[in-house]
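Working notes for the structure below.
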Amino acid sequence: MGQSVRIIPLNLKGPRYAALRDRLRDGQQEAARVWNDSMGYHRDQRQAGNGWPNRNDLHQFTKGRYKLHSQAIQRTAYQLLANIDATIERRRKEPASRKWLKLPWREKRFMPLSWPAQAVKYNPDTRRMILPMGHGRKSIVLSGLDLDADRIGAVSIVWAHPGYELHIAAADPIAPPAPGMKKATIDLGIIHLATVADDAGNALVVSGRGIRAIKRHRDKKMRQMQRRQARCQKGSKRWRKVQAKKNRLRARARRQVRDLRHKATRQVIDWCVAQGVGEIYIGNPNGVHGGSGKKQNRRTSQWEYGTDIRYLSEKAGKAGIQSSNGDERGTSSHCPECRRRHKARGREWRCPGCGFRGHRDVVGAVNMHRLAYDSKVTFPRRSDVTYLRPGPLRKPRASASSIRPDTGPSGAIASTRTEAFFKPALSAPPDRGILGSSILRGAQAPCRVSG
């Protein structure tokens, strides 16, 4: 059974939230101290030849030494063990990585505050969530959260520049059986985020131009603000204003790109389900960086194909589709009919030998069937290729919704529109705060923080 993560931005700006920000900062520094001490203890035990510490050893080492909830301490220490296990597993699967892949060694200044599911208290009637900070310390109380109490897993408070985010893990239901017996391959790209071709002569092309435009606009604005900031004295009031604008621009672009990537990968999996695909192979374009010119190198360096692979694998698993990924080298440079090697120019692939013509990315996806399943498939006709866009950045404006719980003695009501990337107005009592719009893979829900 997998998990989904609900991300809720915390709007903790202004002097009224200064005390809460200080508590969160101190908690993150304490969590970093847990990580650093556990990492040093693990290293010392390895070097002394006493064997590699396990969970019980780290539990005894960290017990009663830190100003955090006991289970939050254990979760941070266990995360170190999980990172070590992942490193060892990758070293085993990829022997070449042993030259550069190290066990965790870098000390951290801050770590996310994490609580396991059994330490989180949530009341669906009052919509309040209590996150304990340990004996004798004030808990963090979040109110206005409309959640399913049966699907709340681990909870974390993460710093995502320029503010905090609340991450809530939700257990997914049991995956349904495979929708069919067909096989499909996925070719990832920048202009077209994903191109899918099944073994029945059908194909799907999902555009990635929207994501590329967002990044290009961000880079252009960042250059302008960087030149403006270079004329200011570092640390001055004007310098800090420009820096705040840069932080907001980065955060907005990150949210928009994440939203479009989720929508695009969702369209891919929905298409596979509709076509009866039961197994997919995702091409991993490792090795495409460098040697392509300044502009193209910048585009490829910003290409988040690892995130696309992860999103596709997770969504495929929830739909009951088996997924795997591997090498795709040579799939875009060979003719699917005569196998002649040719470097394509433009978006249409033209073979100088047999005269074949077809969509460049569809050629790569079709040729991938030879690598993944050792089979040749029929190249899709133009009428059998579906072209889709991930969708608009914003959802249609919804009616305002009021938040009435925990309004304090003044009885003030905080309102916000459930709209993607909308910044709600602050209208809360002095001792309360408002969270920004939440994102559950694109869904929004307002809530409130206190404590």
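The values are calculated or read from the model by the stated rules, or taken from the named source; none is laboratory data. Note that the coordinates shown come from a computational prediction; the quantities given were computed from them, not determined experimentally. Glycine also receives a Cβ, built like all others from the backbone with ideal geometry; neighbour counts cover every protein chain displayed. What goes into the accessible areas is simple: the full protein's heavy atoms, side chains included, and nothing from ligands, DNA or RNA. Shrake-Rupley method; radii C 1.70, N 1.55, O 1.52, S 1.80 Å.
If you average the alpha carbon positions of the stretch 293-315 and of the stretch 223-241, how far apart do those two centres end up, in angstrom? Taking the Cα centre of the stretch 223-241 as reference, the centre of the stretch 293-315 is 30 Å away. The residues of the stretch 216-365 have, on average, 56 Å² of accessible surface per residue, using a 1.4 Å probe with all protein chains present.
Dipole check for the stretch 1-128: with +1 at the C-beta of Lys and Arg, -1 at the C-beta of Asp and Glu, and the Cα centre as origin, the magnitude is about 360 Debye. Pairs exceeding 23 Å between alpha-carbon atoms, taken from LYS263/LYS315; LYS220/LYS246; LYS13/LYS245; LYS102/LYS215: LYS102/LYS215. For the chain, the longest principal axis of the Cα atoms and the long axis of helix 360-373 meet at an angle of about 90 degrees. Taking every protein chain into account, the accessible area of the stretch 53-100 amounts to 67 square angstrom per residue (probe 1.4 Å). Give me the percent of the accessible area of the chain that comes from carbon and sulfur atoms, probe 1.4 Å, all protein chains in place. Whole-percent figure for carbon plus sulfur exposure: 49. In this simple spin-label approximation, GLN233 and ALA213 carry label points 7 Å from Cα along the Cα→Cβ vector, and these lie 4.3 nm apart.
Calculated FRET efficiency, ALA178 to ALA244, Cβ-Cβ distance, R0 = 56 Å: about 0.70 to the nearest 0.05. Full extension of the segment from ARG252 to ARG298, taken as 0.36 nm per residue of separation minus the current Cα-Cα distance, would add 14.6 nm. For GLY201, the residues whose modelled amide H falls within less than 5 Å of its own, excluding neighbours fewer than 5 places apart on the same chain, are THR378. Relative contact order, whole percent, for the stretch 97-199 stands at 18, derived from Cα pairs under 8 Å and 6 or more residues apart. The loop-placed chymotrypsin sites (Phe, Trp or Tyr not before Pro) in the stretch 58-115, going by DSSP, that have at most 11 neighbouring Cβ atoms within 10 Å of their Cβ come out as TRP100, TRP105.
Tell me the relative contact order for the chain as a rounded percent, counting alpha carbon contacts under 8 Å between residues six or more apart. Please report the intermediate quantities before stating the final value.
Values: 783 pairs, mean separation 83.6, N = 451.
Averaging sequence separation for qualifying contacts and normalising by length gives 19 percent for the chain.
The distance separating the Cα centre of the stretch 25-74 from that of the stretch 165-195 comes to 36 Å. Coordinate range of the alpha-carbon atoms in the stretch 200-275 per principal axis, descending: 63, 15, 10 Å.
Packing-based ranking of 91-98, 239-246, 162-169 yields 162-169, 239-246, 91-98, ordered from highest to lowest mean Cβ neighbour count within 10 Å.
What FRET efficiency, computed as 1/(1 + (r/R0)^6) with R0 = 35 Å and r the Cβ-Cβ distance, is obtained for ASN284 and ALA19, rounded to the nearest 0.05? Efficiency computed from Cβ-Cβ geometry: 0.15. Given a Förster distance of 25 Å, report the FRET efficiency between ASP44 and THR87 from their Cβ-Cβ distance, rounded to the nearest 0.05. Once rounded, the FRET efficiency stands at 0.90. Quick one: if you stick a label point 7 Å off each Cα along the C-beta vector at ARG339 and PHE110, how many nm between them? Roughly 5.6 nm, to one decimal. For the chain, count all C-alpha to C-alpha pairs, find those more than 30 Å apart, and express that count as a whole percent of the total. So the portion of pairs separated by more than 30 Å is 57 percent. Its convex hull of Cα atoms gives the stretch 100-258 a direction-averaged projected area, equal to a quarter of the hull surface, of 17.2 nm².
Over all alpha-carbon pairs in the stretch 318-377, figure out the percentage whose distance exceeds 18 Å. In whole percent, the share of Cα-Cα pairs in the stretch 318-377 beyond 18 Å is 35. For the stretch 112-145, the residues whose amide N sits under 13 Å from a probe point set 7 Å from the Cα of TRP159 along the beta carbon direction are 112-113. The order of the peptides 379-392, 320-333 by mean Cβ neighbours within 10 Å, most packed first, is 320-333, 379-392.
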